[in-house]
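Novice: I have a structure I would like to understand better, so I am pasting it below and will then ask my questions one at a time.
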Amino acid sequence: MSGPWSLAYDGYDPGQEGLREVLCALGNGYFCSRAAAPDSQADGVHYPGTYLAGGYDRLTTEIKGREIENEDLVNLPNWLVLEIRIDDGPWLRPDEVEYLDYAQELDLARGILHRRLRFRDGSGRVTRWVERRLVSMADQHVAGLEVTIVPEDWTGPLHIRSGLDGTVVNSGVERYRELNGRHLETVDRGKADAETVWLTSRTVQSRIEITEAARTRVFAGGEPVEPGARQSEVLADLVAQVIDLEIDAEREVRVEKIVAVYTSRDHAISEAGLAAREKVAGAGSFDELAEAHATAWAHLWEQFDLGLDLAGEAALTDDAQVKLRVHLFHLLQTVSQHSIDRDVGVPPRGWHGEAYRAHIMWDELFIFPLLNWRYPVLTRALLRYRYHRLPAARRLARDAGYRGAMFPWQSGSSGREESQVLHLNPQSGRWIPDDTNRQRHIGSAVAYNVWHYYEVTGDREFLRDYGAEMLVEIARFWASIAEFDQARDRYVIRGVMGPDEFHTGYPGADREEHIGLDNNAYTNVLAAWVLNRARDVLELIPPCHGRRLCDRLGLADSEIEAWDEISRKLFVPFHDGVISQFEGYETLEEFDWAGYRETYGDIQRLDRILEAEGDTPNRYKASKQADVLMLFYLFSADELRLLFEQLGYPFDPQIIPDTIDYYLQRTSHGSTLSRVVHSWVLARANRQQSWRLFQSALDSDIADIQGGTTPEGIHLGAMAGTVDLMQRCYTGIETRGDALHFNPSLPDGLERLRARLRYRGQEIDFEITHRRLRIHCRQFSAAPVTVAYRGRFRQLGAGATQEFHVIGPAERDRSEPPPNASDPAHGTGTEGSEPDDR
Ligand code: BGC
């Protein structure tokens, strides 16, 4: 990295190429292209991949005698193709030349990827290659590639090939390669005019038609080269133009390739092919596009950037600032203003690769909080992805014998369950049954996201038109899956999984007889919370609308009363003074962490290691990721106390640090989400450890800490989660009682934090140091809001500033009970108090 706005690499390293392709991928919320070299092909080192947001297709493959259907994010025709041939030599490929200089840099401020290379080809000629590329944030359908070629020590014929390659298949994830990956068929291709070729493809099953049109202009010594020197190449699935030039040493040739991408799913077009050809014909030069694109990025950064002043050693060694920008950059390339009308969700691995087939999972829970406070209209749109799939979730519930809506663990185009039924363990080479779809907690994540969107925005219209129906149907599902256990006088939820994917069932259980686990604490407590919110929402929306909703859904008063009863009687297991991950957890064996670390080094994916040994993590007290601890991530100590009391369980505050400590020692962090959660829950109790985990979460993708998963796609939950740690956790920001509460506790490594957020229609700038909190409201006509610091309330109107003296951790420790227990970041005692400074 060099500088606070740049992700830079020096030298060519084939082993790192997949990682760089993902970390330097360019996208705009509509489509995304990996940063593959334009002269590369998929070959194990390079993987040109272009993906449309929500561009899914289903194919069937026979595995172990079973027909397996998978819905993939389709790899679209490669628009980058730009390669050169000197004289009568071969088309040059990245790995067939000798690099004398190689630098690659992603300019995060302007959204431009630069590559500057010097190479010697097989005949000893030295050539310079200077490249810029963009995927426009200003015009979602446009991308551009500019390459300047300079012969250093040769003169003679140069051939340039610029094309669109529809021969691509989905083969980006090695363990999926046995599955059918040819999702595209070419519909037609051709030449639109002297400078432009186009290719129309269609996905095999979902029948999305995609047209790419490419306009290529060539300038030699600054002058356009006559189009006469071009030949078209029209193959079955590929179209290109070959441009022949005579070139002198040290005389530069600049190639400008502007591409338009449209699909049959786009709005405001007649037909994708027509739209793409028209767009590219009217598009400006690369420089003009780059300017509009940079302005769009500048506007995004105004809304999303965070300013950090790092202290002491952290300031010298730490590049947290740029890493957070990389995270924001990829988040905004995955979901942006261009996602708003697109019926897409937010994929945990971005539209950057093929991992998890870009299915939509619970990772939204780590992403929406960031968006709620920055760009709530985006969360609103992404929540509607779920709303549109309520009928499918109802169908899933009904087919499983339940009422209400059961959202699928993995959701793609239609909202049916897209989780794999078999998955390949690369460590053993075996295909094994995949039960992870029993993570019914996904429905509560949807409900939580609806509720928190409402809390931050106050958008009752959304609740009334969409949110209430989702909450009610999810609550209905929980009420119907919960069974009454007479002996306990409690409700139980059997046969599910918590977030920890190492525990899919009981050791030795016959899958036919008992699948999943019983009474996962996270699932049960969240179910109680959802049942509460569903009743609240019916109070919040206008009564006539509530009546219409109940009529429509056939929701009787008796059903709502039953929710109250269930929400007070759900069973939560405990053992040894901590909350049990699930019922029976205490009977599992302790795991030999030290022994396995010694044998295997990296044991993040213990599930694969154990399966390869013929064992299973189901036998051990060993978690892949935070499960019970998710409760402390999502809820304040006070909220949890109230929930447990409502459930009839005493809640000694000491249970929080004890439970954190217990699971911290038994977690492998095999999911990148895990460090975010642990860093969060330790933020007040153990600041140093929280900061260390935060820094390691920052490296999840940049350093590919899982050793090979990032080339398959970014980890957006960890990316957004780390920014949110800054935004909400270390600042102690939350909404309660119609006030915006701050309660900062900056880590020692952080001297100052500046950011901007939106709250109830206002834009608020804040700056926090260890001693001072300054909150400023920008000029805008929205109503004043109430801000608070540790029980001191102030009105904040447009243009006004409020300052508070921040007390340090020592003072705070003196004035408060221990860790998290009454953590005022999560609110103690101030609820319902009257603002003192109105
Ligand atoms: C985690 C899940 C997560 C998924 C996608 C898995 O490794 O266990 O919790 O939803 O990755 O990020």
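The values are calculated or read from the model by the stated rules, or taken from the named source; none is laboratory data. Keep in mind the model is a prediction, meaning the values are calculated, not measured. Cβ coordinates were reconstructed from backbone atoms using ideal geometry, including for glycine residues, and neighbour counts include every protein chain displayed.
Novice: For residues that are among the charged types (D, E, K, R) and within 16 Å of the ligand (Cβ to nearest atom), scanning just segment 363-377, find the one that is surrounded by the most Cβ atoms within 10 Å (Cβ to Cβ). Even if it seems obvious, please write down each step before you answer.
Specialist: First pass over segment 363-377, keeping only residues among the charged types (D, E, K, R): 363-364, 374.
Now narrow it down to the ones that are within 16 Å of the ligand (Cβ to nearest atom): 363-364.
Values: Asp363: 24, Glu364: 27.
Filtering first and then ranking leaves Glu364.
Novice: Could you tell me which residue of segment 646-685 is nearest to Val578 (Cα to Cα), considering only residues that are of a type in the set (Ser, Thr, Tyr) and assigned to a helix (DSSP H, G or I)? Full working, then the answer.
Specialist: Within segment 646-685, the subset of a type in the set (Ser, Thr, Tyr) is 649, 659, 662-663, 667-668, 671-672, 674, 679.
Retained after the next criterion (residues that are assigned to a helix (DSSP H, G or I)): 659, 662-663, 674, 679.
Numbers: Thr659: 5, Tyr662: 8, Tyr663: 9, Ser674: 19, Ser679: 19 Å.
So the residue we want is Thr659.
Novice: Given the conditions (1) among the charged types (D, E, K, R); (2) in a strand (DSSP E or B); (3) within 24 Å of Glu223 (Cα to Cα), and given that Glu105 satisfies all but one, which numbered condition is not satisfied?
Specialist: (3)
Novice: To continue, here is another question. Of everything in segment 674-716, what is charged (D, E, K, R) and within 16 Å of the ligand (Cβ to nearest atom)? Give them in sequence order.
Specialist: The answer is Arg675, Asp701, Asp704, Glu712.
Novice: Next question. Does segment 1-44 hold any residues that are assigned to a loop (DSSP other than H, G, I, E, B), within 20 Å of Gln321 (Cα to Cα) and touching a Ser or Thr at 6+ places or on another chain (Cβ under 7 Å), and which are they?
Specialist: Across segment 1-44, the qualifying residue is only Ala25.
Novice: Scan segment 486-503 residue by residue and report those that are within 15 Å of Asp434 (Cα to Cα) and either out of contact with any Lys or Arg (no Cβ under 7 Å at 6 or more places or on another chain) or away from the ligand (no atom under 16 Å from the Cβ) (or both).
Specialist: Passing the criteria: Gly495, Gly498, Pro499, His503.
Novice: Additional query: It is to be established whether one or more residues within segment 448-469 are more than 16 Å from the ligand (Cβ to nearest atom), of a type in the set (Lys, Arg) and part of a helix (DSSP H, G or I).
Specialist: Yes, segment 448-469 contains a residue that is more than 16 Å from the ligand (Cβ to nearest atom), of a type in the set (Lys, Arg) and part of a helix (DSSP H, G or I).
Novice: Same structure, new question: Output the residue which, of all residues in segment 557-572 that are touching a residue at least 40 places away in the same chain (Cβ under 8 Å) and surrounded by fewer than 18 Cβ atoms within 10 Å (Cβ to Cβ), is farthest from Tyr662 (Cα to Cα).
Specialist: Ala562
Novice: Also: What number of residues within segment 503-543 satisfy the criterion of being closer than 23 Å to Arg619 by Cβ, hydrophobic (A, V, I, L, M, F, W, C) and buried (at least 24 other Cβ atoms within 10 Å of the Cβ)?
Specialist: 2
Novice: Could I ask something else about it? Is segment 319-328 home to any residue that is surrounded by fewer than 24 Cβ atoms within 10 Å (Cβ to Cβ) and out of contact with any Leu (no Cβ under 9 Å at 6 or more places or on another chain)?
Specialist: Among the residues of segment 319-328, not one is surrounded by fewer than 24 Cβ atoms within 10 Å (Cβ to Cβ) and out of contact with any Leu (no Cβ under 9 Å at 6 or more places or on another chain), which makes the answer no.
Novice: Return the residues of segment 505-562 that are within 29 Å of the chain's Cα centre (by Cα) and among the small types (Gly, Ala, Ser); say none if nothing qualifies.
Specialist: Step one: filter segment 505-562 for residues within 29 Å of the chain's Cα centre (by Cα), giving 505, 516-517, 519-534, 537.
Those that are within 29 Å of the chain's Cα centre (by Cα) and among the small types (Gly, Ala, Ser): Gly505, Gly516, Ala521, Ala527, Ala528, Ala534.
Novice: List the pairs whose first member sits in segment 497-524 and is closer than 24 Å to Met361 by Cα and aromatic (Phe, Trp, Tyr), whose second member is within 13 Å of the ligand (Cβ to nearest atom) and assigned to a loop (DSSP other than H, G, I, E, B), and whose Cβ atoms are under 6 Å apart, counting only residues at least 6 apart or on separate chains?
Specialist: Phe502/Lys624; Tyr522/Gly498; Tyr522/Asp627
Novice: Next question. Given (1) more than 12 Å from the ligand (Cβ to nearest atom); (2) aliphatic (A, V, I, L, M); (3) under 14 Å from Phe407 (Cα atoms), identify the lone condition not met by Ile360.
Specialist: Going through the list (1) more than 12 Å from the ligand (Cβ to nearest atom); (2) aliphatic (A, V, I, L, M); (3) under 14 Å from Phe407 (Cα atoms), Ile360 breaks only (1).
Novice: How about segment 146-196: which of its residues are modelled with pLDDT of 95 or more, surrounded by 17 or more Cβ atoms within 10 Å (Cβ to Cβ) and aliphatic (A, V, I, L, M)?
Specialist: Residues satisfying the conditions are Val147, Ile149, Val150, Leu158, Ile160, Leu164, Val168, Leu184, Ala192.
Novice: Sticking with this one: Tell me whether segment 399-420 contains one or more residues that are in a helix (DSSP H, G or I), more than 22 Å from Asp627 (Cα to Cα) and not charged (D, E, K, R). Outline the logic, then answer.
Specialist: Here is the first cut: in segment 399-420, the ones in a helix (DSSP H, G or I) are 399.
Filter again for more than 22 Å from Asp627 (Cα to Cα), leaving 399.
Keeping just the survivors that are not charged (D, E, K, R) gives none.
Scanning segment 399-420 turns up no residue that is in a helix (DSSP H, G or I), more than 22 Å from Asp627 (Cα to Cα) and not charged (D, E, K, R).
Novice: Among the polar types (S, T, N, Q), outside any strand (DSSP E or B), touching a Pro at 6+ places or on another chain (Cβ under 9 Å) and more than 21 Å from Trp593 (Cα to Cα): which single residue out of Gln695, Gln727 fits that description? Give the steps one after another, and end with the answer.
Specialist: Numbers: Gln695 fails: touching a Pro at 6+ places or on another chain (Cβ under 9 Å).
Only one candidate qualifies: Gln727.
Novice: A follow-up question, please. Go through segment 780-802 residue by residue and tally those that are within 16 Å of Leu746 (Cβ to Cβ) and assigned to a strand (DSSP E or B).
Specialist: 1
Novice: From (1) within 16 Å of the ligand (Cβ to nearest atom); (2) surrounded by fewer than 23 Cβ atoms within 10 Å (Cβ to Cβ); (3) of a type in the set (A, V, I, L, M); (4) in a helix (DSSP H, G or I), pick out the condition that doesn't hold for Leu643.
Specialist: Here Leu643 meets the rest and fails (1).
Novice: Determine the pairs where a residue that is within 20 Å of Val335 (Cβ to Cβ), located within segment 699-720, has a partner that is modelled with pLDDT under 95 and away from the ligand (no atom under 11 Å from the Cβ) with Cβ atoms under 6 Å apart, the partner being 6 or more residues away or on another chain.
Specialist: Hits for this filter: Glu712/Val173.
Novice: Is it true that some residue in segment 78-99 is in contact with a Leu (Cβ under 8 Å, 6 or more places away or on another chain) and farther than 30 Å from Pro157 by Cβ?
Specialist: no
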